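Below is one structure, written out as C-alpha cells; the observations come after it.
Read-outs throughout are calculated quantities, based only on the coordinates presented, and are distinct from any laboratory measurement. Values in this document were obtained by computation on a predicted structure and should not be read as measured data. Here the Cβ positions follow ideal geometry from the backbone for every residue, glycine too, while neighbour counts run over all protein chains shown.
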Amino acid sequence: MFESFGNWIAYQVIGLDAGSQLGQAVQFFVMDVVKIFVLLVVIIYVMGLLRAMVSPEKVRDIVKGKPKWMSKSLAIGLGAVTPFCSCSSVPLFIGFVEAGIPLSTTFAFLIASPMINEVAVVILASILGWKVALLYVLAGVVVAYVGSWIMDFFKLERYVESYVWNIQSRQTDENGQASSKMSLPQRHSFALSEVKEIVKRIWKWVLIGIAIGAWFHGYVPEEWIVSTLSSSESWWTVPAAVVVGVPLYSNATGVIPVIEAMLNKGVPIGTSLALMMSIAALSLPELLILRKVIQWPALAIFIGILAVSFTLVGWLFNFYLA
C-alpha cells in the first residue's frame, strides 16, 4: 500500500522517471514518510488508550514480576514477529518507554525487530541455504539479548528525554480522576494529546532522517558498495561494512538483493551480513529519530554496542564459513 502510494506520487503525480536516481529517491521518501507517520500516530494512539485503561505501574509490575531473561526474551520474540524496519520500530519503542517497560528490555525489541524478519529469513535461506539463515537468526537473537544486558549495566533510563517521563507521569485527568476510571471520550482525548505531543517534538527529525535515507537509496550505487567491500578480505572490511551500512536505510528484506550481488562478486559472507545487520538495525534515519527520545550518551552506547556486535558476528561468519 505504502509502496504503491509512493510510486503514484513520484511517477504519476510528479512525473519522474522510475529508473532515475531522483525518481527512486523521491518514491522512497514519500513511501517512508507516509508509512512511518501512520505507524507513529496509530501506535502512540493505541498505547495512549491502553495507558488510559492500565496504569504504567501495573505494566511495570507485570514486567518486574518476571525474571529479566524472560522479559527480554518476550521483547525479542515480539521484535522477531513484527515486520518493522528500524525507523518503523521507533514508535513502538516510544510506547514501551511510556508504559514503564525497562529501557534495556525495550532496546532488545528495537534491535531484534529490524534484524530478525521472517520474510528476510526465508529469502536468505533460498539464496544461501537454511544453515546460514538460521545462523543469522541466532546472531540477531544473541546481539539483541547480550546488548540488552550490557545496556542494563549502564542504567540508561537517566538519559531518556524528560518529556517522555512527563507523559508517563500523567496518571490522572485534570479533575484528579484515576486514569483507569476514565470514560471512553476521556481516553480518546488522552491518547490524542499524547500523539500531538510526541509527533510535534519529533516530526522534523523523522523527515530529516528519511530524507537522508532516501538520498542514499537513490544516489549511492550498489556497484560502489560492492567494489569497496570486495577489494580485500582483510580484517578491516567487516568494520568498514558496518560503517557503510549506517546511512544506507532499508529493511532486512530490501537489502537482501544487495547482499546477493555482493556475494556473487566475491565479498565474504560475514562482511556481507555485517552490512545487512548495520543497514537493518543501525540506520542513520533511525538514530536521528531516536535522538529525540534519548540523550546522546545513551545513543552513543547503543551505537557502540551494535557496531562492536555486528563486527564480531561478521568476523565469526567469515572465519566459520570461509
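Some values worked out for this structure:
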quantity: Cβ-based exposure ranking for SER73, SER309, SER162, SER20, in which fewest neighbours within 10 Å come first; calculated: SER162, SER20, SER73, SER309
quantity: Footprinting exposure proxy for TRP296, TRP315 (fewest neighbouring C-beta atoms within 10 Å first); calculated: TRP296, TRP315
quantity: Cut-off 13 Å between beta-carbons: net charge of the residues surrounding VAL206, Lys and Arg +1, Asp and Glu -1; calculated: +4
quantity: Hz values of 3J(HN,Hα) by residue in the range 30-38 - Karplus curve (6.51, -1.76, 1.60), Gly and Pro given as x; calculated: 4, 4, 6, 4, 5, 4, 6, 5, 4
quantity: Exposure proxy ranking, count of Cβ atoms within 10 Å, fewest first, for MET31, MET262, MET182, MET115; calculated: MET182, MET31, MET262, MET115
quantity: Global form of the range 258-321, assessed from the alpha-carbon gyration tensor, a/c cut-off 1.5; calculated: oblate
quantity: Computed label-point distance, nm, for sites LEU134 and LYS66 using a 7 Å Cα→Cβ extension; calculated: 2.6 nm
quantity: From phi via Karplus (6.51, -1.76, 1.60), per-residue ³J(HN,Hα) for the range 287-292 in Hz, x at Gly/Pro; calculated: 5, 5, 5, 4, 4, 7
quantity: Counted charge near TYR11, where neighbours are those whose Cβ lies closer than 14 Å (Asp, Glu -1; Lys, Arg +1); calculated: -2
